[in-house]
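J.: Structure below; questions to follow.
Just so it is clear, none of the values below were taken in a lab; they were calculated from the coordinates. These numbers were taken from a predicted model, which means no experiment stands behind them. For neighbour counting, all protein chains shown are included, and Cβ atoms are generated from backbone atoms with ideal geometry for every residue, glycine included.
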Amino acid sequence: MNFINIDKKDWAQGIDKSRGSYRLFGPVTSDNGCIFKELENDTQPEMDAPDTVMSAKSVLFPQTEKILVTTLDESKDDHHIMKRAGNDLSPRAVLGIRPYDAKAVQLVKMNFDTEDYRDPYWCDAYEATTFVGLAVNKPGPFDFSLSAGTGPFSEEGLDILLADMDDKYLAKILTPKGEAYAAACGFSGAADEKESRALFDILRKEAEKSITSQVPTGGLKEKTILDLHEAPFWDDIAFSCINCGTCTFVCPTCWCFDIQDETKLKESSRFRNWDTCMSPLFTHHASGHNPRGVKVQRVRQRFMHKLKYFLDKYDAGIMCVGCGRCVKSCPVNIDIRQVCKTMNNYEKAE
Ligand code: SF4
Ligand code: SF4
């Protein structure tokens, strides 16, 4: 591992240099706020932008992705044979991803890259991606990343971690992928390792100290699933929910999708689209039965999955990185921090 000083005056030029060998993604302002998207040739990532409305999950898991194609033209030998769509899997770099969002990618990976099953679309995109993170010097009021097992200077899932030092970035190179990306940018101003570690440490401690939002999670593991499932508080939590799904779409750790086939003339494609467990249609069976036909069942499912089922299944913490996006975005102020506290402190009445 090494450290590099990157003068901000050289940043744009370095990024541009890397465009020859990488597709670049980063935060940019859109009509709907700051989001992660592919950076056109003349666009630089807005590294100073406050937290993005949407996370970088769409870089690996697009909102709509063509996954299979086939032809219905029977004059062709391969008609009606589904083939993988030719998605661009050339190297790409995500610039300015926040450490909690990089950790979220690792949580999503547990779903898409398992011993039994490897999702080729997500995994191939993941392997093609270099994550260049920007540490959070000043966490906002919704940030509870420390309670969620990550933090403003967390390195998990990153290839490079940048610390903003006003006129320069101090870059900590964490992996060979990160090293290759720094080389592609021509960033080579070696920084003193001891001094750099000390600087990172000071900034990390300051950032962590300024996080005001703490959420208890230590009691979740010992609760029994059935006790939490049957707890009386779910009606109150779900009462105001309008099942809009916003919380799931903005969440960097939500991975649910649906499949849709479309045919135009003789060409047919299969797409996968983000879906949401908050929708009544999500579990609607072809028979007409819906195991989560009532709102409270859907709201409970979302929180139980994130804060209990995932925790029990993987023993890798909760399926939430504390980014606070769902808290900020919920139109009726349902707050996962409050729900987590309620679940964590719940004792079943004897
Ligand atoms: S954002 Fe709020 S209202 Fe919308 S589905 Fe989520 S919890 Fe319900
Ligand atoms: S559940 Fe909310 S706070 Fe947690 S990662 Fe998802 S959007 Fe962020």
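J.: Quick one: which residues, 5 or more positions from residue 67 or on another chain, have an amide H under 5 Å from its amide H? H modelled 1.01 Å from N in the peptide plane, none for Pro or chain starts.
T.: Long-range HN contacts for residue 67: 270, 271, 272.
J.: Now for a different question. What's the longest uninterrupted piece of the chain once you rule out the chymotrypsin sites (Phe, Trp or Tyr not before Pro) that are loop residues per DSSP with at most 13 other Cβ within 10 Å? Let's see the in-between values first.
T.: Numbers: sites that count: 117, 233, 239.
Free of exposed loop sites, the longest segment is 1-116.
J.: Something else: Spelling out what I want: for every residue of region 137-146, take phi, set θ = phi - 60°, compute 6.51 cos²θ - 1.76 cosθ + 1.60 (Karplus), and round to whole Hz; glycine and proline get x.
T.: Per-residue couplings from phi come out as 5, 10, x, x, x, 8, 6, 10, 4, 5 Hz.
J.: About its Cα centre, what dipole magnitude does the chain give when the only charges are +1 on Lys and Arg Cβ and -1 on Asp and Glu Cβ, stated in debye to the nearest 20?
T.: The dipole of the chain has a size of about 560 debye.
J.: Same structure, new question: Which far-off residues, 5 or more places away or on another chain, put their amide H under 5 Å from the one on residue 168, with H placed in the peptide plane?
T.: 8
J.: Using 0.36 nm per residue of separation minus the Cα-Cα distance, give me the extension gain between residue 286 and residue 83 in nm, one decimal.
T.: 70.4 nm is the gain from fully extending residue 286 to residue 83.
J.: Can you pull out the cysteines in the chain that have no other Cys Cβ under 4.7 Å?
T.: Isolated Cys, the chain: 34, 123, 185, 241, 244, 256, 277, 320, 323, 330, 340.
J.: Based on DSSP H runs of at least 4 residues, each adding -39500 (n - 2.57), what is the mean residue ellipticity at 222 nm of the chain after dividing by all its residues, to the nearest 500 deg cm²/dmol?
T.: Value at 222 nm, helices only: -8500 deg cm²/dmol.
J.: Multiplying the sequence separation of residue 335 and residue 9 by 0.36 nm and subtracting their Cα-Cα distance, what value in nm do you get? Present the calculation step by step, with values, prior to reporting the outcome.
T.: Numbers: separation 326, 0.36 × 326 = 117.36 nm, distance 4.07 nm.
Computed gain between residue 335 and residue 9 is 113.3 nm.
J.: Calculate the FRET efficiency for residue 222 and residue 63 from the Cβ-Cβ distance with a Förster distance of 41 Å, rounded to the nearest 0.05.
T.: For residue 222 and residue 63, the calculated efficiency is 0.65.
J.: Still on this structure: With the dipole of region 2-209 worked out from charges on the C-beta (+1 for Lys and Arg, -1 for Asp and Glu) around the Cα centre, which of 161, 85, 67 lies farthest toward the positive end?
T.: Result: 161, furthest along the dipole toward the positive end.
J.: Ok, one more. Tell me which GluC sites (Glu not before Pro) from region 211-303 have a DSSP coil assignment and no more than 13 other beta carbons within 10 Å of their own.
T.: 222, 230
J.: Hey, rough spin-label estimate for residue 262 and residue 123, points 7 angstrom out along Cα→Cβ, what's it come to in nanometres?
T.: Here the answer is 2.8 nm between the modelled labels.
J.: Between residue 197 and residue 316, what is the FRET efficiency for a Förster distance of 25 Å, r being their Cβ-Cβ separation, to the nearest 0.05?
T.: 0.40
J.: Moving on to the next point. Cross-link list 194/221; 138/194; 83/103; 103/205: which exceed 28 angstrom alpha carbon to alpha carbon?
T.: Flagged as over cut-off: 194/221; 83/103.
J.: Okay, moving on. If you rank 328, 266 by fewest surrounding Cβ atoms within 10 Å, what's the result? Mind dumping the intermediate values first?
T.: Details: 328 16, 266 13.
Sorted ascending by nearby Cβ count, the order is 266, 328.
J.: Could you grab the relative contact order for region 2-209? Cα pairs under 8 Å, six or more apart, rounded to a whole percent. Each step should come with its number before you reach the end.
T.: Numbers: 353 pairs, mean separation 55.2, N = 208.
Relative CO of region 2-209 lands at 27 percent.
J.: Between rounded, prolate and oblate, where does the chain land on the alpha carbon gyration tensor, with a ≥ b ≥ c its root eigenvalues, rounded for a/c under 1.5, else prolate if a/b exceeds b/c?
T.: Working: a/c = 2.10, a/b = 1.12, b/c = 1.87.
Oblate.
J.: For region 24-93 and region 205-231, what is the separation of their Cα centres, given in Å?
T.: 34 Å
J.: Right, another one. Which of 308, 177, 264 ends up with the largest GNM mean-square fluctuation for the chain, with Cα atoms connected below 10 Å?
T.: Comparing 308, 177, 264 in the GNM, the peak value goes to 264.
J.: Here's a follow-up. Is the shape of region 112-224 rounded, prolate or oblate, going by the alpha carbon gyration tensor and its root eigenvalues a ≥ b ≥ c, with a/c under 1.5 for rounded and a/b larger than b/c for prolate? Walk me through the numbers on the way to the answer.
T.: Numbers: a/c = 2.54, a/b = 1.10, b/c = 2.31.
In terms of gyration-tensor shape, oblate.
J.: Taking the number of other C-beta atoms within 10 Å as the exposure measure, put 109, 306 in order starting with the fewest.
T.: 109, 306
J.: Just to confirm the filter: which trypsin sites (Lys or Arg not before Pro) across region 20-100 are DSSP coil and have at most 13 other Cβ within 10 angstrom of their Cβ?
T.: 76
J.: Now a separate question. With a cut-off of 8 Å between alpha carbons and a minimum separation of six or more residues, what is the relative contact order of the chain in percent?
T.: Numbers: 636 pairs, mean separation 74.8, N = 350.
Relative contact order of the chain: 21 percent.
J.: Something else about it: Pairs of alpha-carbon atoms within less than 8 angstrom and 6+ residues apart define the contacts here; what relative contact order does region 129-192 have, in percent?
T.: On the way: 77 pairs, mean separation 20.2, N = 64.
Computed value for region 129-192: 31 percent relative contact order.
J.: Under 15 Å from a label point 7 Å along Cα→Cβ of residue 349: give me every residue in region 193-232 with its amide N that close.
T.: Only 230-232 pass the distance filter.
J.: Here's another thing I want to ask about it. At a Förster radius of 56 Å, what calculated FRET efficiency corresponds to the Cβ-Cβ distance of residue 230 and residue 73, to the nearest 0.05?
T.: 0.50
J.: Moving to a separate point now. Just to check I understand the Karplus step: with θ = phi - 60° and J = 6.51 cos²θ - 1.76 cosθ + 1.60, what whole-Hz values come out for region 152-161, glycine and proline as x?
T.: Calculated HN-Hα couplings, in order: x, 10, 4, 9, 4, x, 9, 9, 9, 10 Hz.
J.: Something else now. Which of 3, 142, 181 sits closest to the plus end of the dipole of the chain, meaning its Cα is farthest towards the positive end, when Lys and Arg get +1 and Asp and Glu get -1 on the C-beta?
T.: 142
J.: Under the classification rounded if a/c is under 1.5, otherwise prolate if a/b is larger than b/c and oblate if not, where does region 258-350 fall, given a ≥ b ≥ c as square roots of the Cα gyration tensor eigenvalues?
T.: prolate
J.: Continuing with the same structure: Among 211, 97, rank each residue by its count of other Cβ atoms within 10 Å, from fewest to most, as a rough exposure measure.
T.: 211, 97
J.: Separate question: In whole Å, how far is the Cα centre of region 113-164 from that of region 245-259?
T.: About 17 Å separates the Cα centre of region 113-164 from the one of region 245-259.
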